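Read-outs throughout are calculated quantities, based only on the coordinates presented, and are distinct from any laboratory measurement. All values reported here derive from a predicted model rather than from experimental measurement. Cβ atoms come from the backbone with ideal geometry, glycine included; neighbour counts cover every protein chain shown.
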Amino acid sequence: MNLITPDPGLLFWMLVTFGIVLYILGKFAWKPILKALGERENAITEALDKAEDAKKQMANMQAENEKLLALARSEREAILREAKEMKDSIIAQAKTSADIEGKKMIANAKENIEREKTSAINDLKNQVASYSIEIAERLIRKKLESNKEQDELVNKAINDFHLN
């Protein structure tokens, strides 16, 4: 039965030994262990705080990057819009100047045609006048007594002169 019920003396010495070990651990080991656990807890808390701060900074940086990206997109769109407006303006100016130049060329051509027409009419008038004078001279040189001879002479003179 000794195995099931311990001896009171053994029980006493076990309690004394346990108390001494507990006192030694409390005096020398518990404070450094608790201090180490406290430092470890503080380190873990600081690490978690730093991780939270880093997470917030990353979120701020991501938001800032999104803002910069949106700004860059809007600037790009503004530049493209401005370039398109400039292109349209240049095309409109080119069309306007081409129309003006075309109208000037047409006006100059019309003026040249009018001048050539006037010159041709004047030349034709001069030739008709010259032919008329020549016919009159021939008629005067030759005294014609009958109308028939005059008609023949006029017709002959007209046939002699071919219009250019």
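Screening Gln57, Gln93, Gln62, Gln127 for residues that are part of a helix (DSSP H, G or I) and within 30 Å of Ala157 (Cβ to Cβ) leaves exactly one candidate, Gln127. Here Glu46, Glu52 are screened, and the one residue that is within 49 Å of the chain's Cα centre (by Cα) and not basic (Lys, Arg) is Glu52. Considering Ile90, Ile44, Ile4, the condition of being exposed (fewer than 10 other Cβ atoms within 10 Å of the Cβ) and not basic (Lys, Arg) is satisfied by Ile4 alone.
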